[in-house]
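Novice: Sending over a structure as structure tokens; questions will come in a sec.
The values are calculated or read from the model by the stated rules, or taken from the named source; none is laboratory data. This structure is a prediction, so every number in the text was calculated from the model and none was measured. Positions of Cβ are generated from backbone atoms using ideal geometry, with glycine treated the same way; all protein chains shown enter the neighbour counts.
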Amino acid sequence: MTNHPTKKIGVLLSGRGSNFEALADSVAAGRIPGAEIAIVISNREDAQGLLRAAERRIPARVIPSKGIEREAYDQLVVAALREARVDLVCLAGFMRLLSPYFVAAFRGRILNIHPSLLPAFPGLEAQRQALDYGVKFSGCTVHFVDENLDAGPIVAQAIVPVEPGDTEEALAARILTEEHRIYTEAVRLVLSGKFRVENRRVLPTATAEENQEERLTERAKSR
Ligand code: GRF
């Protein structure tokens, strides 16, 4: 067996941290082979996600963003990610726009999860936007991060129905279950390196045999 070096994930969050938790559980269960979460960084010291990191003994740092200019802040975060030798940055409810400096430092190596079917409803309160618009289906998207808001190439999406009596909370909860599932899938694909980006399209390059093998491994693990 070849010994591949561990791929290090850095998670950035500002709040609850359920997507971080889902990724951490997936790493622990071997659903993202050869990966570890090397560091969690929060811009808010009251982020619940920090407690979730502590419970799992995953190194976490608070880098407060208040009062610091965007690029100066991003320099601190990039330095911390580099220090932790991070290969892939996963934004998980990180409530800040990344500067071009940050995007260039980790180009093609930053993922974000957004609670709508992009390009519909980018920005804040995506679930509210979906309800207000009256769509019958919404969902979530994992995408590469580029200089524009919620706009980079799409790695994974999942659809959920919008039910007639839905509140924002009910729709958000339905979407969140799918977020946790597709974030793991997207991170696994990206860290495997078995994809290419053609124009905006993220295309898996694994052979049918590799896919079959992966499915069998997955099935064995879930027993
Ligand atoms: C999720 O809905 C995610 O799509 C959005 O922010 C929320 C974060 O939730 N970007 P959590 O902190 O991962 O629980």
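Novice: Among the listed residues ALA158, ALA120, ALA186, which satisfies the condition of being part of a helix (DSSP H, G or I) and of a type outside the set (D, E, K, R)?
Specialist: Selected residue: ALA186, the only one of ALA158, ALA120, ALA186 that is part of a helix (DSSP H, G or I) and of a type outside the set (D, E, K, R).
Novice: Return the residues of region 126-140 that are out of contact with any helix residue (DSSP H, G or I) (no Cβ under 8 Å at 6 or more places or on another chain) and either within 21 Å of VAL197 (Cβ to Cβ) or within 11 Å of the ligand (Cβ to nearest atom) (or both); say none if nothing qualifies.
Specialist: Listed by number, the list holds a single entry, ALA126.
Novice: Applying the selection to region 25-49, what residues are aliphatic (A, V, I, L, M) and away from the ligand (no atom under 11 Å from the Cβ)?
Specialist: Hits for region 25-49 are VAL27, ALA28, ALA29, ILE32, ALA35, ILE37, ALA38, ILE39, VAL40, ILE41.
This table checks each residue for (1) surrounded by 23 or more Cβ atoms within 10 Å (Cβ to Cβ); (2) in contact with a Leu (Cβ under 9 Å, 6 or more places away or on another chain).
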residue	(1), (2)
GLU69	no, no
ALA72	no, no
VAL77	yes, yes
ARG85	no, no
CYS90	yes, yes
LEU97	no, yes
ALA105	no, yes
ILE113	yes, yes
THR141	yes, yes
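Novice: Another question, then. Check whether at least one residue in region 209-221 is surrounded by 15 or more Cβ atoms within 10 Å (Cβ to Cβ) and either assigned by TED's automatic domain parsing to the domain that holds SER26 or within 18 Å of LEU111 (Cβ to Cβ) (or both), and report yes or no.
Specialist: Within region 209-221, none of the residues are surrounded by 15 or more Cβ atoms within 10 Å (Cβ to Cβ) and either assigned by TED's automatic domain parsing to the domain that holds SER26 or within 18 Å of LEU111 (Cβ to Cβ) (or both).
Novice: Give the number of residues within region 186-199 that are surrounded by fewer than 18 Cβ atoms within 10 Å (Cβ to Cβ) and either within 15 Å of the ligand (Cβ to nearest atom) or more than 23 Å from ASP87 (Cβ to Cβ) (or both).
Specialist: Of the residues in that region, 1 qualify.
Novice: For region 122-129, check the following and say yes or no: at least one residue is buried (at least 19 other Cβ atoms within 10 Å of the Cβ) and out of contact with any Phe, Trp or Tyr (no Cβ under 6 Å at 6 or more places or on another chain).
Specialist: yes
Novice: If you go through region 83-118 one residue at a time, how many are away from the ligand (no atom under 15 Å from the Cβ) and touching a residue at least 12 places away in the same chain (Cβ under 8 Å)?
Specialist: The total comes to 14.
Novice: Among the numbered conditions (1) farther than 18 Å from LEU91 by Cβ; (2) touching a residue at least 24 places away in the same chain (Cβ under 8 Å), tell me where ASP150 comes up short.
Specialist: ASP150 satisfies all of (1) farther than 18 Å from LEU91 by Cβ; (2) touching a residue at least 24 places away in the same chain (Cβ under 8 Å) except (1).
Novice: Would you tally the residues in region 141-161 being more than 15 Å from the ligand (Cβ to nearest atom) and in contact with a Lys or Arg (Cβ under 9 Å, 6 or more places away or on another chain)?
Specialist: 3
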